[in-house]
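Let me begin by presenting the structure, written as structure tokens, before commenting on it.
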Amino acid sequence: MILDTDGLKPIYIQIAEWLESEILRGNFQADEKVYSQYKLADLYNINPATAAKGLTKLAEEGILYDKRGLGKFVSTNAKQIIMDKRKNQTLRNLVEDLVMEAGRLELSKDETIKLVRDAWKGDQE
Amino acid sequence: MSLIEVQTSEIVKKQIGYKWKSYTGVFTSLVVIQLLGLLFSLNGSGSMGSGRTGYDVNITYYTADIVVGFTIFWGFLTAFLLTTKAYREDDFAFVTNRKTSTLSTIAFLFVLCVIGAVTALLSSFTLKLFAYFILPGEEMLLTQGVGNGSAWLLGMVATILIIFLFSSLGYLAGMIVQLNKMLVIILPVVVIGLMILLYRGGFPVQVYFFEFFFEESNAWLFTLKTLSATTIFYALAVLVSNRLEVKQ
Amino acid sequence: MKAIKCKDLNKRYYRMNALNDLSFSIEENKIVGVIGRNGAGKTTMLKIIAGLLKEKSGIVEVYGRKPFNNLFVSANTIYIDDAMNFPTALTLKEILEEGKRFYHHWDHDLALSLFDYFGFDSRQHHNELSKGKESTFNMIVGLASRSPLTIFDEPTTGMDAAVRKDFYRALLKDYLAHPRTILLSTHHLEEMEDLLEEVLVIHEGSLRLHMSMDDLKEYGLGLTGKRDVVDSFLIEKEILWKKEQAFDTCYVVVKNDFTDHEYRRMQEAGIQISPVKANDLCIYLTEPQHGKGSVDDVFDRSTDV
């Protein structure tokens, strides 16, 4: 991953999302230790406090858990949490943006849904 | 990183070493000024002659007096220069405070004064050698033999103390000038003006100054006088320097 | 223990206030950026912290001690700027040797490796270096000293982009291995913002902001839209900057304390919402107060005549 330093998304969120993606890809297994804030800082050339903020966010969401003095580890149900979260939040936000943009372009509800359906078909083929 | 407690003595020692390596310019100036002194001395530092019909006697003294005089002046000037901003800021490139900076400079100046005094006095031998080779037709009379070691040593100590005394004057003058650039002009005008005024008023302060120090025949009293005067001048300089900030 | 503590710090220069009741404190082992315009008082503040200048009034403490003329603070602090004075008689290698003698935590291997990496010649003298090379050498001294408090005042002056990048990387690497308090003043915030944990924004001798870098990035919000529409959302908001644009639209930078609800409503009203880069935000925050406006006003005035 290359950090998008100009974008809307704060660095620590990008770090958290990267870790989530790696967990989904299976590069971090359940009960495996994830990178420390220092390792992440070195990897992405960022302040370790920023990296720590990303890790804390994941811990608060139950994706990671703390072992005192040992670091952060992947929860057993981490994958499930990440998928649910992405469905409920990320996807929902994307859809809301889509609806809003469609409104600005004066697209009807049916036309918008058709667009989604078409995109879905195109993907399937 | 763990915090470090340092001792003043440790830093002073390090600063002396640092100055020894950094201020090589002062050694160059010492060599130059003593060579210049030697050159002037070749004319002889004093002579007398008498003549009768048939023969003339002409005695010329070849001593290191001029070289010593020049070295005293060099001591004053070097101390003066070490107070300038460039030198003071060199100190603050590394660990220091005002106290260690001043103490190490004074210690360094003392070492310089010893070197200056030794080379100045040794130059009298050089001079006699010169005189021997350059003036081959003349008769050499080596007075107050080389053998009189204790007298020579006493002369050496006295020379060191005098150069050190003048370095303290230079250091004080330099520090005062650092307070305000205008003082470069004002200070000498005031000092010389005062001397002239007092001289006219029947109080020739410079004469008293020389009498006080140089006509003292007791070696211990002489040491005491010069060292206390030196201490006072350096102490005054430290007081002045405490008003100076490092980087402006 | 706090690394640095300032309370009501004041400093005057030639009858001008250089620092005005500056109060803040910095925890140990953080990298803190010091941001401000030229003449804002950054250098004065950093020099007071390093013990090189004396404060006029107020409290300043470094590791609990007054820094001015303090040997303990000097032994635990290094101040690096672009006007470092090293003795002209010493070669660059000899200067590094001296650094090793004076600083207890000095890492000579690191100093020599960086020295070679940046292509210095050991026989060179400091006063013979170009501006960029000089800054690079000073940076090596600052990093190798491993001082518990390391202060870099405009360390990248004259460095080319590649060297600056190397410097930021070296700084982070060494900090990760040996955490310490690092103060960095800079004009290149956008280049090093990811390195910083906190920022101090200094404006006209006073503290404008002191917060974490992550918070600073989210501190402002840029709104673009029709002027009256945008204005309707700005009631009781702190406007940081405003610029009129074509077709009755405007761009407003406003302090970001919008609720999700307000956020949605603004989007629905057709307002474009954009993040404000930390660097731009700092420029807006340090706009001169007394009606000088932007540089545009200078030209507007002259066309009026």
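Some notes on this structure:
- Loop-located chymotrypsin sites (Phe, Trp or Tyr not before Pro) in the stretch C:221-270, at most 16 other Cβ atoms within 10 Å (DSSP): C:Phe247
- Per-selection metrics, chain C (Cα): Rg and Dmax in Å: 22.2, 70
- Dividing the helix sum by the residues of chain B, where each DSSP H run of 4 or more adds -39500 (n - 2.57), gives a mean residue ellipticity at 222 nm of -24500 deg cm²/dmol.
- In plain terms, chain B is cut at each of the trypsin sites (Lys or Arg not before Pro) found in a DSSP loop with at most 11 other Cβ atoms within 10 Å, and the longest leftover piece is B:1-180.
- FRET efficiency estimate (nearest 0.05) - Cβ-Cβ, C:Asp297 to B:Leu36, R0 60 angstrom: 0.40
- Rounded to whole numbers, the Karplus 3J(HN,Hα) couplings from phi for the stretch A:110-120 are 5, 4, 5, 4, 4, 4, 5, 4, 4, 4, 4 Hz, using 6.51 cos²θ - 1.76 cosθ + 1.60 with θ = phi - 60°, and x at Gly and Pro.
- Efficiency of FRET between B:Asp56 and B:Tyr132 - r from beta-carbon atoms, R0 25 angstrom, step 0.05: 0.75
- Per-residue HN-Hα couplings for the stretch A:76-83 [Karplus 6.51, -1.76, 1.60; θ = phi - 60°; Hz; x = Gly/Pro]: 5, 9, 4, 4, 4, 4, 4, 4
- Take each residue in C:268-275, count the other chain C-beta atoms within 10 Å of its C-beta, and the mean is 2.
- Taking every alpha-carbon pair within the stretch B:1-88, the share separated by more than 22 Å comes to 55 percent.
- Radius of gyration, Dmax [the stretch A:79-124; alpha carbons; angstrom]: 12.8, 39
- Cβ-Cβ FRET estimate between B:Lys85 and B:Ser150, R0 fixed at 30 Å, reported to 0.05: 0.10
- Unsatisfied cross-links (Cα-Cα over 21 Å) in the set A:Lys53/C:Lys277; C:Lys2/C:Lys100; A:Lys85/C:Lys217; B:Lys14/C:Lys93: C:Lys2/C:Lys100; A:Lys85/C:Lys217
- The stretch B:155-203: C-alpha gyration tensor shape, a/c 1.5 cut-off, then a/b vs b/c: oblate
- Sorted by Cβ density within 10 Å, fewest first, the residues B:Trp220, A:Trp18: B:Trp220, A:Trp18
- Annotation for the stretch C:79-125: trypsin sites (Lys or Arg not before Pro) lying in DSSP loop with at most 10 further Cβ atoms inside 10 Å of their Cβ are C:Arg123.
- Chain A: Rg to Rh, with Rh as the Kirkwood radius over Cα pairs: 1.09
- Values of log10 I(q)/I(0), in the order q = 0.12, 0.25, 0.26 Å⁻¹, for the stretch A:11-76 under a Debye, Cα-only, solvent-free model: -0.24, -1.12, -1.20
- On a per residue basis, the convex hull of the C-alpha atoms belonging to the stretch C:219-304 measures out at 110 Å³.
- For the pair C:Ile239 and B:Glu10, label points projected 7 Å from Cα toward Cβ lie 5.9 nm apart.
- Ellipsoid semi-axes in whole angstrom, largest first, where each is sqrt(5λ) of the Cα gyration tensor of chain B: 39, 23, 17
- Normalised by the number of residues in chain B, the average gap of Cα pairs under 8 Å and 6 or more apart makes the relative contact order 23 percent.
- Each listed q (0.06, 0.08 Å⁻¹) maps to a log10 I(q)/I(0) for the protein assembly as shown from the Debye sum over equal C-alpha point scatterers, namely -0.54, -0.80.
- Computed from backbone phi with θ = phi - 60° and the Karplus coefficients 6.51, -1.76 and 1.60, the 3J(HN,Hα) list for the stretch B:72-78 is 4, 4, 4, x, 4, 5, 4 Hz; x is used for glycine and proline.
- Net charge of neighbours whose Cβ lies under 13 Å from the Cβ of A:Arg86, counting Lys and Arg as +1 and Asp and Glu as -1: 0
Readers should treat all values here as calculations from the given coordinates under stated rules, not as data from a laboratory. This is a predicted model, so every value here is computed, not measured. A quick note on method: Cβ atoms are made from the backbone with ideal geometry, for glycine too, and the neighbour counts reach across all protein chains shown.
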